[in-house]
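Note sheet for the following structure.
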Amino acid sequence: MLGVLLGCVLAVVAVVAATNAITVLTTKDRIVGAEAAASFDADAIVVLGASVYADGTPSGILQDRLDDGIALYFAGVAPKIIMSGDNSTVSYNEVKAMKDYAVAQGVPSADVFCDHAGFSTYESMYRAKHVFGAERIVVATQTYHLYRALYAANGLGLEAVGVPSDYREYAHQLQYDMREIPARAKDFFKTLLRVPSTFVGDPISLEQSGDVTES
């Protein structure tokens, strides 16, 4: 019995290790600088959500992602930004805080789209493709997170590159790195099966004003 249990544990470890290796090795060359991203001819910059404080202020890790996406927008990398995050309850709205921050930095409100159902990295990529109709995207998030995002994007049929937003050291970086290991394995299989996002909904054209997505 102990041998069977040990064998199961080793099998799980092997699967997690293999999926992590594939995810990282197949996407590392798609992590680029702003200059390379500018020649990518992207439809949109996708900024991935993270925690927002009770007063609506972005956490440090989210502020860096936003600053990255905003800098890419002003560099002409893409004409639109998709803010993709968690708005699962009335009292918690990452994307409103994300859009408000970008607009305060001078980004035209019409160029900022809100993806209220980006509940996970995989779902943000799925919705960028199947809801917003993007074909080519630039993802703004930290390096440790980009591997998974780009793997899902590419597996779902998006042409995608990522620009890292590693602007500072984070107090909980070890926790983020450890959490990313099983998350990569999970998203590897979701990408393989092309699992639909929790909510899909009607298509939203990036040709219109992003203000239509505010509610």
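The numbers here are math on the coordinates, done by the rules we state, and not lab data. Computed from a predicted model, the values in this text were never measured in an experiment. Positions of Cβ are backbone-derived with ideal geometry, glycine not excepted, and every protein chain shown enters the neighbour counts.
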How many percent of the alpha carbon pairs in segment 74-215 exceed a separation of 22 Å? 38 percent
Site Phe189, offset 7 angstrom along Cα→Cβ, radius 19 Å on amide nitrogen, limited to segment 6-26, gives 6-24
Compute the convex hull volume of the Cα atoms of segment 163-209, divide it by the residue count, and report the result per residue in Å³ as a whole number. 175 Å³
Compare the peptides 133-139, 186-192 by average per-residue count of other Cβ atoms within 10 angstrom and give them in order, highest first. 133-139, 186-192
Amide H neighbours of Val46 under 5 Å, at least 5 residues apart or on other chains, H built in the peptide plane: list them. Ile82, Val138, Val139, Ala140
Dividing the alpha-carbon radius of gyration of segment 1-124 by 2.2 N^0.38 Å, where N counts its residues, gives 1.36
If you put +1 on each Lys and Arg Cβ and -1 on each Asp and Glu Cβ, how big is the dipole of segment 1-155 around its Cα centre, in Debye rounded to 20? 360 debye
Suppose each label sits 7 Å from its Cα in the direction of the beta carbon; what would the Val16-Ser39 distance come out to in nanometres? 4.1 nm
Step through the table entries Lys99/Lys129; Lys80/Lys129; Lys28/Lys186; Lys129/Lys186; Lys96/Lys190; Lys28/Lys190, compare each Cα-Cα distance with 22 Å, and write down the pairs that go over it. Lys96/Lys190
